[in-house]
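K.L.:
Submitted below is the structure of interest, expressed as structure tokens.
The values are calculated or read from the model by the stated rules, or taken from the named source; none is laboratory data. Only a predicted model underlies this, so the values are computations on that prediction, with no experimental measurement involved. All Cβ positions, even for glycine, are placed from backbone atoms using ideal geometry, and neighbour counts span all protein chains on display. When the accessible area is computed, the model is the full protein with side chains, heavy atoms only, and any ligands, DNA or RNA have been set aside. Shrake-Rupley method; radii C 1.70, N 1.55, O 1.52, S 1.80 Å.
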Amino acid sequence: MATTAHAGSPHPESNHRETPQPDSTYEVPPEAAAAASPKPPPRPGQISRLGIAAVVVTVVLWASAFVGIRAVGPSFSPGSLTLGRLAIAAVVLGLVVLPKLGKTSPLPAGREWLPILAYGIMWFGGYNVALNAAEHLLDAGTAALLINVNPILVAVMAGIILKEGFPRWLIIGSLVAFAGVAVIALGSGQRSTADVGGVFLCLLAAALAAVSVIVQKPVLRKFPAAQATWFGILVGAACCLPFSGQLVTELQAAPLPATLGLVYLGIFPTAIAFTTWAYALSLIDAGRLAATTYLVPGTTILISWLVLGEIPTVWGLIGGCICLVGVALTRRRSR
């Protein structure tokens, strides 16, 4: 018969030892059970609250940029305005990125610079200059309608290039949201300019932004959002250096409110909003994230109402509600 060693036995390491049997009276601590049990994988498209907050911040700050550009537009030309925004953003974001660069954050090497150069030139440089110039030729509603071709282009390219496919609800929601933007454009004012050059510049800006999103998405798999954004801003600013003389001249003549507006545009819609966009893009499919920008025109109307006292039209309010419905539909998933 097997003998068991007592707690006080002088020979605890006996050659004859029973195999421990599980004790039905022993309860595993909840903390240990939680650590041992595997966590369920996140559902496709599910993002953290921080990711949702990043999307909200991006939409609000980008919407405020349209109001800011309208406010400082008389004092700054398209190229100098872009250079001023990017220069301020580079300094502010550099204070965050530089202390970590090369230590906790890797530096791009070799071919890794190619996509960074691409979206730096196209998005931070070309998109901003084209959009600023277009807003001198088109009314706000027409510009908003044309720029919001961008999410559709992103969805198509993401489906083909990034293999995200073409989810039914993404397509339906995008079309509904685009219809909302069209309604906003319809009620944007008493007149609607259809300058051919302005239309071309808006479509060019939309295409540059769409391609940049597709190019930036893989970069965010290796580099943090702030770092990827900062490098793009530096590239865009370098492309706009030919406007530096113009910027200096216009800064000397600009009133203080316009200069402060330029500082705001550099810090908030550029340094912060492009970083929160990049962070959200690292978590969400490009097509679904781009659809959230349909909320920008409606949000712009609300901000313009609060800041500039511009009362929105009934069409603007209806269009904004349609955009909300459309974006909500893009979040649905087919069963």
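K.L.:
Kindly report the accessible area of the range 188-335 per residue (heavy atoms of protein chains, probe 1.4 Å, no ligands, DNA or RNA), in Å².
P.N.:
Spelled out: the 1.4 Å probe surface of the range 188-335, per residue, equals 47 Å².
K.L.:
Note the per residue figure in Å³ for the convex hull of the C-alpha positions in the range 197-265.
P.N.:
Convex hull of Cα atoms, per residue: 124 Å³.
K.L.:
If you take the square roots of the eigenvalues of the alpha-carbon gyration tensor of the range 86-181 and sort them as a ≥ b ≥ c, do you get rounded (a/c under 1.5), prolate (a/b over b/c) or oblate?
P.N.:
In terms of gyration-tensor shape, oblate.
K.L.:
Each residue of the range 219-235 in order: what ³J(HN,Hα) in whole Hz does its phi give by Karplus 6.51 cos²θ - 1.76 cosθ + 1.60, θ = phi - 60°, with x for Gly and Pro?
P.N.:
4, 6, 6, 10, 10, x, 4, 5, 5, 4, 5, 4, 4, x, 4, 4, 5
K.L.:
May I ask you to give the solvent-accessible area per residue for the range 47-152, in square angstrom, as obtained with a 1.4 angstrom probe?
P.N.:
Heavy-atom SASA per residue in the range 47-152 reads 41 Å².
K.L.:
Which order do the peptides 120-131, 73-84 take when ranked by the mean count of other beta-carbon atoms within 10 Å per residue, highest first? Write down the numbers at each step before the final one.
P.N.:
Numbers: 120-131: 24.5, 73-84: 22.2.
Output ranking for 120-131, 73-84: 120-131, 73-84.
K.L.:
Given axes a ≥ b ≥ c from the Cα gyration tensor, I'd like to know whether the range 100-253 is rounded (a/c under 1.5), prolate (a/b larger than b/c) or oblate.
P.N.:
oblate
K.L.:
OK, next. Just the ratio, please: alpha-carbon radius of gyration of the range 238-314 over 2.2 N^0.38 Å, N its number of residues.
P.N.:
So the range 238-314 has a normalised radius of gyration of 1.45.
K.L.:
Output the peptides 215-224, 248-257, 296-305 sorted from most to least packed, where packing is the average of other Cβ atoms within 10 Å over each peptide's residues.
P.N.:
With the highest mean Cβ count within 10 Å placed first, the list reads 296-305, 215-224, 248-257.
K.L.:
Counting only protein heavy atoms, what percent of the accessible surface of the range 154-299 is carbon or sulfur at a 1.4 Å probe? Could you put the intermediate results ahead of the total?
P.N.:
Details: 4420 of 6080 Å².
Roughly 73 percent of what the probe reaches on the range 154-299 is carbon or sulfur.
K.L.:
Starting from the exponent 0.38 and prefactor 2.2 Å, build the expected Rg for the range 192-335 from its residue count and divide its actual Cα Rg by it. Walk me through the numbers before you get to the answer.
P.N.:
Details: Rg = 18.1 Å, N = 144, 2.2 N^0.38 = 14.5 Å.
Compactness ratio reported: 1.25.
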